[in-house]
Amino acid sequence: MSAENTEDKGLEYIRQGTGTADAKATGAALKRQAEELAKIGAEKKGGAAEKAKPAGDSPYVQVDRTLKRCQYSQDALIEVLHSAQETFGFLSDDTMKYVAHELKLPPSWVYGVATFYHFFNLKPQGEHTCTVCMGTACFVKRAGDIVEALEKEFDVKAGETTADGKLSINIARCLGNCGLAPMIILDGEVHARQTPESMLDQCKKLVKG
Amino acid sequence: MTREELQAMAQKEQEKRKAFSCRLLVCYSTPCISSGAEGVRKALVDAVKARNLDAEIDVTCTGCVGPCSRGPLVTVRRAGQEDVIYENVTPEFAVQILAKHALGNEVLTSNVLPKDLPFFAKQLKVVLANSASIDPESLESYVGAGGYTALLKVLEDMTPEQVVDEIKKSGLRGRGGGGFPTGLKWDLVRKAKGDKKYLVANGDEGDPGAYMDRTTMESDPFLVLEGMAIAAYAVGADQGFIYVRAEYPLAAERLRKAIKMAEKAEILGNHIFGSNFNFHIDIRFGAGAFVCGEETALLTSVMGRRGQPYPRPPFPANSGLWGCPTLINNVETFGNIAPIINRGGDWYAGIGTEKSKGTKIFALAGEINNTGLIEVPMGITLREVVFDIGGGIPKGAGFKAAQTGGPSGGCIPAAYLDTPIDYENLAALGSIMGSGGLVIMNDRSCMVDVARFFMDFCRDESCGKCVPCRVGTSQMLRILEKICNGSAVMDDLEKLQEMGKMVQDTSLCGLGFTSPNPVLSTLRYFREEYEAHIRERRCPVGVCQIKEVPLAELMKELPRRIREAAKS
Ligand SMILES: Cc1cc2nc3c(=O)[nH]c(=O)nc-3n(C[C@H](O)[C@H](O)[C@H](O)COP(=O)(O)O)c2cc1C
Ligand code: SF4
Ligand code: SF4
Ligand code: FES
Ligand code: FES
């Protein structure tokens, strides 16, 4: 949809809802919030954004580019969040506020979307990340043992980062390479058919090195 | 582009291929890449350059060949000779293939994939027909293999009604899981009132343990685009979206490139093939939510919101994206369209069983010798899939169950290995066809643990909108955990069954009402395992750690624990 970035368009979008009673009710409440937000924004000329935006060079260049490409369409929220996460590694409160302001959406809406999807991290990630697939095929091939071994060795729970911020251990639900289970992604690199031992070795090397 | 230009492009590509004395096809889809295909490709390209063989030897990266566990694969194709496929190729070995086989025409003795491998013999490739031989990043390659003739035929000679009729005649049913007749769905959208209609390809593939859609998009992206364009023409849509999981960056990248190339060649965009038909495609990314595979949730996600389902009706066919009629099909469904138009609905209807026509792609994974991607005619038996194509269970272990349909499906035990695979038969067994994940378990898998795994998945992925699913999955998981740690009593089995029925009957969307399937199907076929956990307080295969006791026995247990603690 090539919506122009006028407030009317944006509100109209919210008004449309998803065609269900429940969504319409939410839509009405959100519309009110959005109107208020827009008012504040207009009065203060980007008040919230100024607070969100640190002084000096804007760190949001990449995000801005995506925003422009999507013509500030509110439907592009997920894409904008993807681009923000790509830039910062995670979505901070400030980032979400900034996105909310730019798209003229209530912050709660943005937060709601960011928390709904597993792919978005709201916490900063460690220096290295180890993502272990726990999809069905990998589960059958004992990926659980790998997670357990890593948790024990690095004294950290899956989904969290070690205290020294060196290593984050994440769980994925199928990375789409089930024929070569168990699958692990270590700092963006794919490792197939791993064992607890081989993974411990590689992670230890990374963290030390 | 015009008809003549398309033909010229195809001809030029074919002549270019003929000019090579030998072609080396490197399998370059995610599984092979993860086992080192990039090194193999580079070694071959460098070696060809170093020896100045550019005019003689062609090195092409292709989509998935199928037996992914044997990767990286290199196929040697010489005119007038049968293809030879090498498995587990290293960069060094690749250079040998070039020197000896490609140049010297001497087939190497090691690492050759046997020609008569049942893995290939029992397959029938329709959607993946070109997967192993064309370059997914080249439009010329696709056109050279007959691509875009179906779209041209549709635009030149067929009315939208005729297209819908042809699809109806083929008997094609949706490959996303539900198996809804595709022709009928198209007819609904075509007849729906509205000036603006949308089309969405579902490439979310949330089923863990399955990667058919990923491979289809990675191996033959133009086939999906062509199918979408034909569908758009048939239903009257002018804007399409492909929804791709964020976990599939390579698939998205190849689709993006394909869209760009197709737009440049003017077979996507305005006035396609000089007609009045306009169609645009955009990519939308998922962000890791299984429920977004469900069609109404997917639509809300395409619109950038929380991917929560909403009640139907209204069906997307009448009110989907931004309230407009919207056609949603799975990417594999779209992959079937061009072949059906090219070869006719009757041809397609000749494959398969009475109610399930055509072929289906399955991703074989788990405890099986040949893991990989297969496309088989409907009606093939599980036994053929597991023991002929799949090569049986490794290390002499026994077959225990085949899990189909992922978290919405069930486990099929050995007694039903001879059932022909189709939508109805699988449903009768308490499972579903699903999108095509087929995870094989050997006799070292505990079925209670498997059921717990799936329930944990559904609890985690439940969007939380309706109570039966949000609370029911948590409660069922709690009981399953109790069974796994030894603190359950026999009554819990009844509770589990009752709750399963309730969740099935009252949930809002497919995620909820299919979530008890893995539990109910394992309860049906492997009840003795559940009972062993509870009555005999042991896990028959030794996976579960039975350490707790039922609440009622805690008084007896406590003194023992205190004594033990005092001792140590
Ligand atoms: C929980 C849930 C998950 C689903 N996941 C997928 C999926 O990953 N891919 C898919 O194509 N369809 C999925 N579906 C089915 C879709 O809702 C829809 O039926 C399908 O995309 C329609 O396309 P088809 O008619 O070509 O099958 C899912 C359904 C449910 C209830
Ligand atoms: S916070 Fe959310 S769940 Fe709680 S009452 Fe308000 S709308 Fe309902
Ligand atoms: S059944 Fe589950 S996933 Fe579906 S709407 Fe209800 S809570 Fe959400
Ligand atoms: S289950 Fe691990 S990659 Fe699919
Ligand atoms: S990716 Fe190479 S065989 Fe499947």
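The values are calculated or read from the model by the stated rules, or taken from the named source; none is laboratory data. In this text, all values refer to a predicted model and were calculated from it rather than measured experimentally. Neighbour counts are summed over all protein chains in view; Cβ atoms, including those assigned to glycine, are modelled from backbone coordinates with ideal geometry. Side chains are part of the model used for accessible areas, which takes the heavy atoms of the whole protein and leaves out ligands, DNA and RNA. Shrake-Rupley method; radii C 1.70, N 1.55, O 1.52, S 1.80 Å.
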Inset, instruction - Would you check if B:Asp492 is more than 13 Å from ligand 3 (Cβ to nearest atom) and assigned to a helix (DSSP H, G or I)? - result: yes
Legend entry - Elements of type helices (runs of 4 or more DSSP H) contained in the stretch B:7-98, each with 3 or more residues being of a type in the set (D, E, K, R): B:37-50
Inset, instruction - Looking only at the stretch A:186-209, count how many residues are more than 16 Å from ligand 5 (Cβ to nearest atom), part of a loop (DSSP other than H, G, I, E, B) and surrounded by fewer than 19 Cβ atoms within 10 Å (Cβ to Cβ). - result: 4
Inset, instruction - Being closer than 22 Å to B:Ala251 by Cβ, within 9 Å of chain A (Cβ to nearest Cβ) and small (Gly, Ala, Ser) is the filter here, so list the residues in the stretch B:295-335 that pass it. - result: B:Ser301, B:Gly304, B:Gly307
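Conditions tested, residue by residue: (1) open to solvent by less than 80 Å² (accessible area, probe 1.4 Å); (2) modelled with pLDDT under 95.
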position: A:Ala3; (1), (2): yes, yes
position: A:Thr20; (1), (2): yes, yes
position: A:Lys51; (1), (2): no, yes
position: A:Tyr60; (1), (2): yes, yes
position: A:Phe90; (1), (2): yes, yes
position: A:Ala100; (1), (2): yes, no
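Table: residues versus (1) charged (D, E, K, R); (2) closer than 30 Å to B:Ile440 by Cα; (3) open to solvent by less than 10 Å² (accessible area, probe 1.4 Å).
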site: B:Ile167; (1), (2), (3): no, no, yes
site: B:Gly177; (1), (2), (3): no, yes, no
site: B:Thr182; (1), (2), (3): no, yes, yes
site: B:Gly203; (1), (2), (3): no, yes, yes
site: B:Phe222; (1), (2), (3): no, no, yes
site: B:Tyr233; (1), (2), (3): no, no, no
site: B:Ala237; (1), (2), (3): no, no, yes
site: B:Lys260; (1), (2), (3): yes, no, no
Inset, instruction - Among the residues of the stretch A:102-121, write down those that are in contact with a Phe, Trp or Tyr (Cβ under 6 Å, 6 or more places away or on another chain) and surrounded by fewer than 22 Cβ atoms within 10 Å (Cβ to Cβ). - result: A:Asn121
Inset, instruction - Would you please name the residue that is nearest to the other protein chains (Cβ to nearest Cβ), looking only at residues in the stretch A:186-209 that are closer than 10 Å to A:Cys130 by Cα and of a type in the set (Asp, Glu)? - result: A:Glu189
Inset, instruction - State whether one or more residues within the stretch B:462-484 are crowded, with 20+ Cβ neighbours inside 10 Å and acidic (Asp, Glu). - result: no
Inset, instruction - Go through the stretch B:168-268 and tell me which helices (runs of 4 or more DSSP H), entirely inside it, have 3 or more residues that are more than 12 Å from ligand 1 (Cβ to nearest atom), of a type outside the set (S, T, N, Q) and in contact with a strand residue (DSSP E or B) (Cβ under 9 Å, 6 or more places away or on another chain). - result: B:221-235, B:249-264
Inset, instruction - Go through the stretch B:423-451 and give me each residue that's surrounded by fewer than 24 Cβ atoms within 10 Å (Cβ to Cβ) and free of Cβ contacts under 8 Å to residues at least 40 places away in the same chain. - result: B:Asn425, B:Ala427, B:Ala428
Inset, instruction - Can you give me the number of residues within the stretch B:121-140 that are open to solvent by 60 Å² or more (accessible area, probe 1.4 Å) and hydrophobic (A, V, I, L, M, F, W, C)? - result: 2
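Residue-by-condition table, conditions (1) of a type outside the set (Lys, Arg); (2) within 15 Å of B:Tyr28 (Cβ to Cβ); (3) within 16 Å of ligand 4 (Cβ to nearest atom); (4) outside the structural domain of B:Leu44 (by TED's automatic domain parsing):
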{"position": "B:Gly71", "(1), (2), (3), (4)": "yes, yes, yes, no"}
{"position": "B:Ala79", "(1), (2), (3), (4)": "yes, no, no, no"}
{"position": "B:Val84", "(1), (2), (3), (4)": "yes, no, no, no"}
{"position": "B:Asn88", "(1), (2), (3), (4)": "yes, no, no, no"}
{"position": "B:Lys100", "(1), (2), (3), (4)": "no, no, no, no"}
{"position": "B:Asn105", "(1), (2), (3), (4)": "yes, no, no, no"}
{"position": "B:Ala129", "(1), (2), (3), (4)": "yes, no, no, yes"}
Inset, instruction - Kindly check whether there is at least one residue in the stretch B:460-477 that is of a type in the set (Asp, Glu), within 14 Å of chain A (Cβ to nearest Cβ), part of a helix (DSSP H, G or I) and within 16 Å of ligand 1 (Cβ to nearest atom). - result: yes
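Conditions (1) within 16 Å of ligand 4 (Cβ to nearest atom); (2) within 11 Å of chain B (Cβ to nearest Cβ); (3) within 25 Å of A:Ile78 (Cβ to Cβ); (4) open to solvent by 30 Å² or more (accessible area, probe 1.4 Å), marked per residue:
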| residue | (1), (2), (3), (4) |
| --- | --- |
| A:Lys123 | no, no, yes, yes |
| A:Cys130 | yes, no, no, no |
| A:Gly135 | yes, yes, yes, no |
| A:Cys138 | yes, yes, no, no |
| A:Arg173 | yes, yes, yes, yes |
| A:Gly179 | yes, yes, no, no |
| A:Ile184 | yes, yes, no, no |
